[in-house]
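Inspection log for the structure reproduced underneath, given as structure tokens.
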Amino acid sequence: MTQDEIKLFDLQLFQPRKGYRYSLDPLLLARFCPEVKPGESIIDLGAGCGIISLVLARINPAASVIAVENNPDMAALIEQNIQHNDLSERVSVLAEDVMSLRKKCPDSTFDLVVSNPPFRKAGSGKVSPKAGRDSARHETTAGLSDFLAAAKYLVKPTGKICFIQLPSRLPEFMALASEMKLSVLRLRMIHSNAESPATMFMAELAKGRRSTPVVQPPLFVRDMNGEYTDEVWR
């Protein structure tokens with residue numbers, strides 16, 4: 001186990017020394033999410049060590065956050081991180097699979113639903129030998145359609161849904177959103193640098209409304225000298 005500091009958000013997070021460790025993706029997604037109003041609620045589907053939940057709790061200091069994680073060891077780690085950062089009054093853990101949330105939560109409950117789900121379908125790509133990393137990267141019990149369906153069920157008609165995913169799954173993502181009558185409001189591609197193809201995309205969605213997607217300017221992680229761009233530093 002390591003203890004890592006995220007100074008920008010005044011957080012110290014414990015995470016496994018081996019296995020799945022968070023990268024820049026959840027931080028970019030947390031910043032992509034719209035801020036919620038005081039007293040509103042957020043739910044994070046597939047929370048890992050809780051990084052998105054805790055960052056969103058810092059960004060939205062008067063909101064409540066639920067971190068959903070089906071791995072009992074990671075759910076316990078989220079609880080440890082919540083306690084360590086003195087956020088137990090506003091952040092809680094729900095140790096459940098995304099597939100069972102209809103039994104645990106009323107529909108149309110949350111103002112923001114956010115998810116950094118497993119990126120790859122089961123059986124695709126390389127299998128990691130490190131414990132925990134493969135289940136975080138590859139779909140196991142729930143697939144992309146299940147995460148989107150859960151998000152639609154949980155979000156209020158006035159709320160927003162934010163996801164991050166691989167560009168190779170963008171056609172599938174858009175087709176699922178259309179099938180579920182979820183409108184894509186914003187779409188932003190993430191690139192390693194100005195000359196690289198997109199490595200990830202972030203999308204904001206809503207239910208029960210019609211909208212033309214706004215494709216935002218690309219986000220470049222590094223400049224051509226290999227340094228983080230000003231936007232990423234911010």
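The values are calculated or read from the model by the stated rules, or taken from the named source; none is laboratory data. Here the structure is a predicted model, which is why all the values come from computation and not from measurement. Here the Cβ positions follow ideal geometry from the backbone for every residue, glycine too, while neighbour counts run over all protein chains shown.
List of remarks:
- The number of residues in segment 1-57 that are within 14 Å of His84 (Cα to Cα), in a strand (DSSP E or B) and hydrophobic (A, V, I, L, M, F, W, C) comes to 4.
- Candidate set: segment 1-39, residues that are over 16 Å from Arg234 (Cα atoms) and aromatic (Phe, Trp, Tyr); chosen: the one surrounded by the fewest Cβ atoms within 10 Å (Cβ to Cβ): Phe14
- When residues of segment 181-205 are limited to those that are under 23 Å from Asn116 (Cβ atoms) and among the charged types (D, E, K, R), the one surrounded by the fewest Cβ atoms within 10 Å (Cβ to Cβ): Arg186
- The single condition among (1) of a type in the set (Gly, Ala, Ser); (2) farther than 18 Å from Pro118 by Cβ; (3) at pLDDT 95 or above; (4) surrounded by fewer than 17 Cβ atoms within 10 Å (Cβ to Cβ) that Gly208 does not satisfy is (3).
- Among the residues of segment 64-108, the one identified as buried (at least 17 other Cβ atoms within 10 Å of the Cβ), of a type in the set (Gly, Ala, Ser) and under 19 Å from Phe163 (Cβ atoms) is Ala67.
- Screening the candidates Ala131, Ala142 for the property of being buried (at least 20 other Cβ atoms within 10 Å of the Cβ), modelled with pLDDT under 95 and out of contact with any strand residue (DSSP E or B) (no Cβ under 8 Å at 6 or more places or on another chain) yields one hit, Ala142.
- Test result for Val55, within 26 Å of Leu185 (Cα to Cα) and among the hydrophobic types (A, V, I, L, M, F, W, C): yes
- Yes/no for Pro157 being of a type outside the set (Gly, Ala, Ser), surrounded by fewer than 18 Cβ atoms within 10 Å (Cβ to Cβ) and part of a helix (DSSP H, G or I): no
- Flag for Ser192 being under 24 Å from Leu45 (Cα atoms), at pLDDT 95 or above and polar (S, T, N, Q): no
- Options Ala177, Ala150: the member that is surrounded by 18 or more Cβ atoms within 10 Å (Cβ to Cβ), of a type outside the set (D, E, K, R) and closer than 21 Å to Lys103 by Cβ: Ala150
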